[in-house]
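See below for the structure under consideration.
The values are calculated or read from the model by the stated rules, or taken from the named source; none is laboratory data. A quick note: this is a predicted structure, and the numbers were derived from the prediction, not measured. Because the Cβ atoms are built from the backbone with ideal geometry, glycine has one as well, and the counts that use them run over all protein chains shown.
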Amino acid sequence: MPLAVAALVVASLALLVVLGGFVSQLLFGFILSEMSSSTVVFPSSSSQQGTAPEVIAGHIYPGALLQDEVARVVRGDGGEVTSLSCPPTPAVVLGAVSVCQGMVDGSRWSFQVTFRDRLGHFTLEEKLS
């Protein structure tokens, strides 16, 4: 009887070790995939940075929310925004791009918004239209 109990204990411990290793490998793989999906894209020297609020990774991002954040970034750089419109972003993922149009300082501008990660961080490139 003591030998059977010892064998049961050893088998249970072995099972726990195997399951623990499996779970830790899954967790490690998930962490690595999340780190690689949020790789930062380095912007050019003429770009500006922003963060879109209320982002849900991989989901559609409303144009009105993006429009407000782009206008905030442009105003923060000293521009006077009189009108601006942005289309919805199909999915917030690394490299997703939306192009906004608007009037700033009396001239028509295009703003390319490139998402640097799935959390809503973006690079803003401005171009006089």
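Scanning the stretch 27-39 for any residue that is modelled with pLDDT under 65 and closer than 30 Å to Trp109 by Cβ turns up at least one such residue. Scanning the stretch 82-105 for residues that are in contact with an Asp or Glu (Cβ under 8 Å, 6 or more places away or on another chain) and surrounded by fewer than 13 Cβ atoms within 10 Å (Cβ to Cβ) yields a single hit, Asp105. Of the candidates Phe115, Phe111, the single residue that is buried (at least 20 other Cβ atoms within 10 Å of the Cβ), under 17 Å from Ser129 (Cβ atoms) and not aliphatic (A, V, I, L, M) is Phe111. Taken over the stretch 94-129, the criterion of being more than 12 Å from Ala52 (Cα to Cα) and touching a residue at least 40 places away in the same chain (Cβ under 8 Å) is satisfied by Leu94, Gly95, Phe111, Glu125, Glu126.
For the stretch 75-129, a residue qualifies if it is among the acidic types (Asp, Glu), in contact with a helix residue (DSSP H, G or I) (Cβ under 9 Å, 6 or more places away or on another chain) and not in a loop (DSSP other than H, G, I, E, B), and exactly one does: Glu126.
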